[in-house]
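To start, the structure under review is shown below, and the notes come after it.
The values are calculated or read from the model by the stated rules, or taken from the named source; none is laboratory data. Fair warning: this is a prediction, and the values are worked out from it, not measured in the lab. Methodologically, a virtual Cβ is constructed for each residue, glycine included, from the backbone with ideal geometry; neighbour enumeration extends over all protein chains shown.
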Amino acid sequence: MKENKSKGKILIVEDDPALLGALKVLLEGEGFSVLTAGDGEAAQEAAARGPELVVLDVKLPDMSGLEVLKALRGRDPKLPVIMMTGYVTTETAIKAMMEGAYDYISKPFKMNVLVGLIDKAMESSRLMRTTVTPSPTLPSADLKGDTLIGKSPQMLEIYKIIGQVAQSEATVLIAGESGTGKELVARALYHHSGRKDRPFLAVNCAAIPETLLESELFGHEKGSFTGAAARKIGKFEQCNYGTIFLDEIGDMSLLTQAKVLRILQNQEFERVGGQDTIKVNVRVITATNKDLSQMVKEKTFRDDLYYRLKVVSVNIPPLRQRPQDIPLLAQFFLQKFNKETKKEVREISAPALERLMTYPWPGNVRELENFMETAMVLCRGEVLLPEHFPFLTEGDEEHAAILNTLEARGDLFLKALEPQFETLCQTHAGKVFDTLVGDLEKALLQLALKRVDGNQVQAAKLLGISRNTLRDRMERYGLGGE
Ligand SMILES: Nc1ncnc2c1ncn2[C@@H]1O[C@H](COP(=O)(O)OP(=O)(O)OP(=O)(O)O)[C@@H](O)[C@H]1O
Ligand SMILES: [Mg+2]
């Protein structure tokens, strides 16, 4: 059975004893431990007892909620505060957001809405507070926080970049396939930066509908579009002096990209539908699993923003390109799940490890983590065996088949290419690469177009490239075009 661990410590500040009592009972029922205060002075005393989140009424007998907010955030700028306001106090709520409140809720409210907000704020607070330490070895069991594990040369290089750029104010672009650890790297950069005591807000651009993302980031003025009933303060304003993590930036619309570019260049923006120019001081970290250079060619990503972002970039290679990290990561997850589930699995058998090493890991480290968790649930003894990785066994055969054909095809290909290569070494020394790759591209295009009777849509689909790329290459090699 799971032990009864508190989900976190919350301070409620409310002068109405009935509401205060009800909230306490409710939140304790949800698994939080609760501190209470009936006025501003008591709130500040209670804050010394280390709450991870505060739910704060805007109207208190001795001072305004806004003053209490300023005092609380003055001593801890990372403390998330949810304001409770009356219907008529939207203005105060907006001021509170400018002061960095996490969010506000208007009275009367449904308890489940408040609990939903608290869960979100707690998660955001956890990301801010849990440090991420890069480590080329297994961390000792009592190390607090999260660890970015890996000892491959590629990961060591990434640790070096983190060390070099974390302290600077530079914008960083983190690129890598899904599950490679982009978010961990973003947090490692934050935790090693000069802004580590200031807020960190993550926004997943892919998770928010395109029409809402702009207002989520920059806020909007009342009446700027249907449904904009009051002014809204966006993440950039709320996170002033902190760090914003724009995750999945490849999913951002061109319009929003333009606004982000302006922030990076001039640290200024306007709210949606607003006239006033607002100045902010925010460090931006971005991540993507898309090929932004390709998107630039297709004109779905602004080139000026791309060049600005990639000045400092961290490319996390997929796990299959750094097999040295697999045993270490597996060992790390073994330790982690032993601790979490109170199991005592001692080791991974050699044949099981062999399987882990040869599997292609399309879902990268996240997939390895999930497989290790499943394996440890299945394991009754002290050693992980191949049979504890049933999914891997199936995938493994498929993978071996793919590898075999690739190898066979590779051999033939090599033989076919060799005479070409030899000739070019004579005629185009110093330009062999570009010439041969160009010839190859041109030939591929010709073959594909011939196969589909010159239909460009079908040719692009067959080759798995975009129509823009196809047209671009056809022009370059003087193909078709009549
Ligand atoms: N080098 C690593 N060391 C330890 N854990 C890792 C490492 N890389 C990834 N993980 C773990 O794998 C999971 C996925 O990592 P993360 O969310 O950072 O990936 P991501 O690249 O942001 O993925 P996505 O593109 O799907 O958002 C997390 O649970 C993370 O803790
Ligand atoms: Mg991610």
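List of remarks:
- If the condition is being among the β-branched types (Val, Ile, Thr) and surrounded by fewer than 23 Cβ atoms within 10 Å (Cβ to Cβ), then region 182-218 contributes 203, 208, 211.
- Checklist (1) more than 30 Å from residue 271 (Cα to Cα); (2) β-branched (Val, Ile, Thr); (3) part of a strand (DSSP E or B) applied to residue 25, failing item: (3)
- Tally of residues being more than 24 Å from residue 316 (Cβ to Cβ) and in a helix (DSSP H, G or I) across region 334-373: 8
- Selection from region 214-228 of residues that are aromatic (Phe, Trp, Tyr) and assigned to a helix (DSSP H, G or I): 218
- Of the residues in region 199-212, at least one is part of a helix (DSSP H, G or I) and either under 21 Å from residue 308 (Cβ atoms) or not β-branched (Val, Ile, Thr) (or both).
- Any hit, region 39-46, residues being at negative phi and touching a residue at least 40 places away in the same chain (Cβ under 8 Å): no
- With respect to the stated conditions, residue 110 fails to be basic (Lys, Arg), under 27 Å from residue 318 (Cα atoms) and free of Cβ contacts under 8 Å to residues at least 24 places away in the same chain.
- Qualifying residue in region 278-289 (condition: farther than 18 Å from residue 190 by Cα, out of contact with any strand residue (DSSP E or B) (no Cβ under 8 Å at 6 or more places or on another chain) and either more than 16 Å from ligand 2 (Cβ to nearest atom) or not charged (D, E, K, R) (or both)): no
- If you go through region 338-354 and keep only what is modelled with pLDDT of 90 or more and within 20 Å of residue 149 (Cβ to Cβ), you end up with 338, 345, 346, 347, 348, 352, 353.
- Of residues in region 149-181 being among the hydrophobic types (A, V, I, L, M, F, W, C), near ligand 1 (Cβ under 10 Å from one of its atoms) and not in a helix (DSSP H, G or I), the one surrounded by the most Cβ atoms within 10 Å (Cβ to Cβ): 174
- Residue in region 337-354 that is of a type in the set (A, V, I, L, M, F, W, C), under 19 Å from residue 184 (Cβ atoms), out of contact with any Pro (no Cβ under 8 Å at 6 or more places or on another chain) and within 16 Å of ligand 2 (Cβ to nearest atom) present: no
- Pairs, first closer than 12 Å to residue 127 by Cα and without any contact (Cβ under 8 Å) to a residue 60 or more places away in the chain in region 174-192, second assigned to a helix (DSSP H, G or I) and more than 9 Å from ligand 2 (Cβ to nearest atom), C-beta under 7 Å, six or more apart: 188/162
- Any helices (runs of 4 or more DSSP H) falling wholly within region 229-306 and containing at least 3 residues that are at pLDDT 95 or above and within 16 Å of ligand 1 (Cβ to nearest atom): none
- Identity of the residue in region 229-249, touching a residue at least 12 places away in the same chain (Cβ under 8 Å) and surrounded by fewer than 16 Cβ atoms within 10 Å (Cβ to Cβ), that ends up nearest to residue 93 (Cα to Cα): 230
- Residue that is nearest to residue 188 (Cα to Cα), among those in region 235-277 that are within 16 Å of ligand 2 (Cβ to nearest atom) and not β-branched (Val, Ile, Thr): 245
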